[in-house]
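Q: One structure follows; several queries about it will come next.
Any read-out appearing in this document is the output of simple, stated calculations on the displayed coordinates, not a laboratory observation. Keep in mind it's a predicted model, so treat the numbers as computed, not measured. In this analysis, Cβ positions are derived from the backbone assuming ideal geometry, glycine residues included, and neighbour counts consider all displayed protein chains.
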Amino acid sequence: MTKTRSSGVSQHKSFGLVLQALVVLARKGDTCSSCEMAELLSSEATLLRKTMAKLTRAQILITKEGRDGGYGLNRDPEQLTLAEIYQALEAADTCSKAVNETMCGNALGEQMMDACGDIFAEMDRSMLAVLEKYTLADMVRKSGC
């Protein structure tokens, strides 16, 4: 059986990209196309659309079709926590999952997963507790523009 590796890393990278995109949307206060955001973020529009789709499903974003279409915030930045954004990306448990994926598939690996499971779960809970303290509006203010 082959294990997929580094899924947690890509989820964390997505969180950073999406957080920047949401700051752009909050500053703009209107819709913004994925191409326009990708250019501002030096990213690929297709990657951005893939991650933004998760936020749309979580009703954090709305989409508008047409010439003036794009993504817009569906939530007040003052009320939208970073934990909600992180969870919408399905990244909430990837820290422990990513570490578990590195464990070897033999008896030692199984023993290590059992030994470390509670620690990794606590790491995930701690990260969410920190992210719960901050809102998108905090990130707009902290980013200085």
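Q: List residues of the stretch 119-140, by number, whose backbone nitrogen lies under 18 Å from a label position 7 Å along Cα→C-beta of residue 27.
A: 135-140
Q: Going down the list 64/133; 64/142; 28/142, which pairs span over 22 Å between their C-alpha atoms?
A: 64/133; 64/142
Q: Something else: Once both labels are modelled 7 Å past Cα along the beta-carbon direction, what's the residue 142-residue 36 spacing in nm?
A: Taking the two extended label points, one gets 2.6 nm.
Q: Determine the gain in length on full extension of the stretch residue 64-residue 44; use 0.36 nm per residue of separation and subtract their C-alpha separation, reporting nm with one decimal.
A: 5.2 nm
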